[in-house]
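The structure appears right after this line, and notes come after that.
Each value in this text was obtained by applying a stated rule to the coordinates, not by laboratory testing. What you see is a predicted model; the values in this text were computed from it and never measured. Counting neighbours? That spans all protein chains shown, and the Cβs are built from the backbone with ideal geometry, glycine included.
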């Protein structure tokens, strides 16, 4: 497990660079979830968790000085935690996925605090780059650019390592203690998360009549759940 946690942390650190450098959308939960899932041998689990988190966080975009919760780290942590914990408990289940989403999604807000510190640090670094540019020192500019990237990578990888270790152990300890009733509640939660995500999506794209459509989807969900 330790080897897998380290490997996922390094992979996650590279993926998180997309948030500040590449910006080709591989850091979105819908993409990084399946990537991590495939890396750990369970692409379907990564697709499910990535889709859940993409729906829940799609309305939080970095506009101006606003720093959104780090959904990338949350998606990587939840996906890998579910898979690694499931490997020790007979496989992943919808209930385990729902529990991981409930327990570990708040980590996105904790990672946001670190993002803000890194951004503040890079702002100070950018002022030094401007001074280097005035002197025509291109080598110093390149060094500071690489330093900023290395700092972001290190912080992201370290956070993922810590969150993944804690998350995996927490799931291994908590999930076996759940009663049958609690597992049924988690199954309902698992089915309900996409409905909440659809509501967020409809609010984001501002579809006229979104509320009636959401209500209809919710009723359909309840009817299907009742039949099942």
Query raised in the report: How far apart, in nm, are two points set 7 Å out from the Cα along the Cα-to-Cβ line at residue 113 and at residue 24?
Result: 3.4 nm
Query raised in the report: Which distance in nm do the two modelled labels at residue 142 and residue 128 give, with both placed 7 Å along the Cα-to-Cβ direction?
Result: 1.8 nm
Query raised in the report: Could you give P(r) for segment 2-179, binned at 5 Å from zero, as whole percent values over all Cα-Cα pairs?
Result: 1, 9, 17, 21, 18, 12, 8, 6, 4, 2, 1, 1, 0, 0
**Report entry** Ranked 32, 16, 155, criterion: other C-beta atoms within 10 Å, fewest first
**Finding:** 155, 16, 32
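Would you list 147, 190, 66 from fewest to most Cβ contacts within 10 Å?
Details: 147 12, 190 19, 66 8.
In increasing order of surrounding Cβ atoms, one gets 66, 147, 190.
Neighbouring Cβ atoms within 10 Å as the yardstick, rank 118, 174 fewest first.
Details: 118 18, 174 15.
Arranged by neighbour count, lowest to highest, 118, 174 become 174, 118.
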**Report entry** Distance between segment 114-149 and segment 1-70 - C-alpha centres, whole angstrom
**Finding:** 26 Å
Query raised in the report: residue 7 to residue 170: extension gain in nm, 0.36 nm per residue of separation minus the Cα-Cα distance?
Result: 56.7 nm
